[in-house]
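The values are calculated or read from the model by the stated rules, or taken from the named source; none is laboratory data. Everything numeric here is computed off the predicted structure, so don't read it as measured data. Here the Cβ positions follow ideal geometry from the backbone for every residue, glycine too, while neighbour counts run over all protein chains shown. Heavy atoms of the whole protein, side chains included, go into the accessibility calculation; ligands, DNA and RNA do not. Shrake-Rupley method; radii C 1.70, N 1.55, O 1.52, S 1.80 Å.
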Amino acid sequence: MSQALPVPQNLEFFNGLGGFAADAREYVTMLGAGRSMPAPWINVVANPSFGFQVAVEGSGYTWSISSRENQLTPWSNDPVTDRPGEVLYLRDEESGELWGPTALPIRDEAAPYTARHGQGYSRFEHTAHGIALDLLQYVPLDDPIKISRLTIRNTSGRSRRLSVTAYVEWVLGPSRGASALSVVTELDPETGAMLARNPWNMTFGSRVAFADLGGRQTAWTGDRREFLGRNGTLDNPAALAGEALLSQRVGAGLDPCGALQSPVELKPGGTVEIVFFLGEAATAADAQSLIARYRAADLDAVLREVVGYWDDVLGAVQVKTPDRSMDIMLNRWMLYQTLACRMWARSAFYQASGAYGFRDQLQDGMALALSRPALTREHLLRAAARQFVEGDVQHWWLPPSGQGVRTRVSDDRIWLAHAAAHYVETTGDIAVLDEPIQFLEGQALQSGEHDAYFQPAIADESATLFEHCARGLDQSLAVGEHDLPLIGTGDWNDGMNRVGEMGKGESVWLGWFLHATLAAFAPLAETRDERARAAHWRAHMAALQNALEQNGWDGGWYRRGYYDDGTPLGSSTSGECRIDSIAQSWGVISGAADPARALRAMAAVDEQLINHGDGLALLFTPPFDRMPLDPGYIKGYPPGIRENGGQYNHAATWSVHAFAALGRGDKSAELFSLMNPINRTSTRADVQRYKVEPYAVAADVYSVAPHVGRGGWTWYTGSAGCLYRAGLEGILGFRLQGAFLLLAPCIPKEWPRFEIVFKYRSARYEIAVENPRGVNRGVASAELDGKTLSEGVTRVPLADDGQVHKVRMILG
């Protein structure tokens, strides 16, 4: 029988394994005897070019520059064993007992383990054998170094003779199997740190990784076979089982590792901190300088800087609603997931990509436009630089080399203009459209060729960001037999890559999306005196709107598209994928759908795709399985898994927007709640069903037995940024428009009020929205600093004046 742990004080939403600290800055997990994690619950800790991920039980890996191509230690991707590649061991030199601060690789059932995941750090606590251990791990805001601070306190009442051993398995490439034979280690004569290189790594071969126990190491080895022993394991390494000292063997031709050891003697009640540095630098000299700097640094000040940065980023907008679970995710965790994981790390437990996806980080940047507009701007220009002269783009690319894939995916070309228009509207930074950016050039796709992976060249031609956006739109105007946009080898749903592989298949969703983007971008063209282009786009919008109604409407909802042979997709006549949610939600979001049909389409979503019993909002139904038509690789997923008829959260966030736009605030909030991971893990039974993290948005939730309600991959998903926007913009109606704040909430009728605090440059806006009549939306009155604002949609003028301003809105 498992050991019952007391519910810790001040933890919210405690579910038997963990809960949120009172200020929601930490998720605290406790493992008692007999308890295990249903899946790895990780934290992603990163700066723009370096980082690590770590699970509750202590496993994880570290990377530098590229989380895929330049892993310093092994990425597990094994949710069952989750073998760690980095370990801190504590050994009692008198008894030979061996343990550590985390539950892996040595689990001590006699004492609990506590893990705290916060924004920018993780912390692990464990007391056993008369020793209290506290391990704190983080990375600085800019430097490529992981700081692990192990505090050891002697609670035994007697003097103790211990040793600390830090162990890492070097990778220095995309996988240990591919690079282990070429890793070379040495002990740096200047610092005493262990250095490691992989000269056979074509991109990163000149770089130097390092491991250092703060200069305290007195013994070491670079030989993994020596450390583990023949057929040895991490929970019982041969080098720590006897009295023999580490051999100090380093060099080439070894099974490479880094093991550094330091003796520790503690009097009763004594405390010592052992610091372990793991990192990488461009040269050996740079590594020496970095090690020396951090040995002398005030590490508490470094941590304060990290925590302060995240408080500043996440504190730009703070909400207080009757739904505490919404507050926690909107105020802290979703935006952290978006920036730390999606924009910077581009890696998590279930995928170590290292790449930028063309549409992916553009959407993430849209979520950051409020709190970090400079990062959004920077990525707009980065993405524009991955466009070919012809107007198409790299579907994804690997920095720093720029190698990537050229495809016939149809929506990529539109996302740059879509994201740029949103950024300009949000910030008022019209000047970004004049930024000059070079194009790419490279081999064109041949007839019948879906994609090609290569490293393109930088073209001689350059153009403004506006022209990059416009060229992508111009290339997206081709239509098929039903006058709808060609789907190519996939639109937003990459898995539908064979619906239009012959060049004739069409997409209704793409029609709505293109219409919305042209509507947003045409006014920008007109301000630049590109009137002929704008007129052409507006004419295309009108024709597109007509075709969407004539050939997209199925009778009760909008179709998803047409196969190459003209067979409808997402139709009442379809045996599989009869109705698809995004063709309905984007009809509403675009504003182009017939209003009566838009209502009917979303009613069909509610009736056919939202499973209230299981708490699921499906992407489409039924899943692809046995029908002869081949939509693409999506059919390779089991029914109900990921995009194949599961709850795909990214798509479901658009339904939140759509229901809110239709005035259905109760339905919109209900759908938000279905995607909120806190609500999927509120009890022990929920945790065992959902399995994945309660504090990170998942990409998907499975919908078919025996895995109904199980979470899919987490962290590395655009769903976090999209759900953030759905909550803030769709439900709370909060949108920044340059020097104005637009407030147009659509909330549940039962909400009596909600509040928002918004930091606008040097000013602070305290917003209170009251709902005395129990309505979903509509503004009865609004005032700014006691002065009445105009009726209707509330636009609040903003001032950068260092003052506190109060906004009061009455719904009705």
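Overview of values
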quantity	calculated
Mean Cβ neighbour count within 10 Å, used as a protection proxy, ranking 544-551, 236-243, 482-489 highest first	482-489, 544-551, 236-243
Value of relative contact order over the chain, rounded to a whole percent, pairs C-alpha under 8 Å and six or more apart	9 percent
Cα Rg, Dmax, the range 399-466, angstrom units	14.6, 43
Magnitude of the charge dipole, the range 513-618, Cβ model with Lys/Arg +1 and Asp/Glu -1, debye to 20	360 debye
Hull volume in cubic angstrom per residue (convex hull over the Cα atoms of the range 8-110)	137 Å³
Matching label, Kirkwood radius over Cα pairs in Å computed from the structure shown, candidates (1) 31.8; (2) 28.1; (3) 33.4	(2)
Chain lengthening between D434 and V272 when straightened (0.36 nm per residue, less Cα-Cα)	52.7 nm
Separation between Cα centres of the range 411-482 and the range 279-298, rounded to whole Å	40 Å
For the chain, share of DSSP beta bridges that run antiparallel, in % to the nearest 5	95 percent
Solvent-accessible area per residue for the range 16-172 (1.4 angstrom probe, square angstrom)	26 Å²
Distance from the range 40-107 to the range 555-605 (C-alpha centre basis), Å	46 Å
Three-way shape label, the range 573-685, alpha-carbon gyration tensor, a/c 1.5	oblate
Alpha-carbon centroid distance for the pair the range 621-669 / the range 740-773, whole angstrom	31 Å
Test item: Cα-centred dipole of the range 314-453, Lys/Arg +1 and Asp/Glu -1 on Cβ, debye	540 debye
Helix 665-675 axis, angle to the chain major axis (alpha carbon atoms, nearest 10°)	30 degrees
Accessible solvent surface per residue of the range 487-598, calculated while the other protein chains remain in place, 1.4 angstrom probe, Å²	33 Å²
Spatially proximal lysines relative to K667 (Cα-Cα < 23 Å; intrachain offsets below 8 disregarded)	K320, K749
For the range 175-246: accessible area per residue (Å², 1.4 Å)	49 Å²
Shape call, the range 685-812: gyration tensor on alpha carbons, a/c limit 1.5	prolate
Other-chain or far-sequence residues with amide H under 5 Å of A696's (modelled H)	none
Principal-axis tilt of helix 284-296 within the chain, Cα atoms, nearest 10 degrees	80 degrees
Share of carbon and sulfur in the accessible heavy-atom surface of the chain [1.4 Å probe, %]	50 percent
Magnitude of the charge dipole, the range 586-725, Cβ model with Lys/Arg +1 and Asp/Glu -1, debye to 20	160 debye
Degrees between helix 465-474 axis and first principal axis of the chain (Cα, 0 to 90, nearest 10)	60 degrees
Burial ranking of peptide ranges 796-803, 509-516, 87-94, 377-384 (average Cβ count within 10 Å, highest at the top)	509-516, 377-384, 87-94, 796-803
Among 781-787, 113-119, the order from most to least packed when residues are scored by Cβ within 10 Å on average	113-119, 781-787
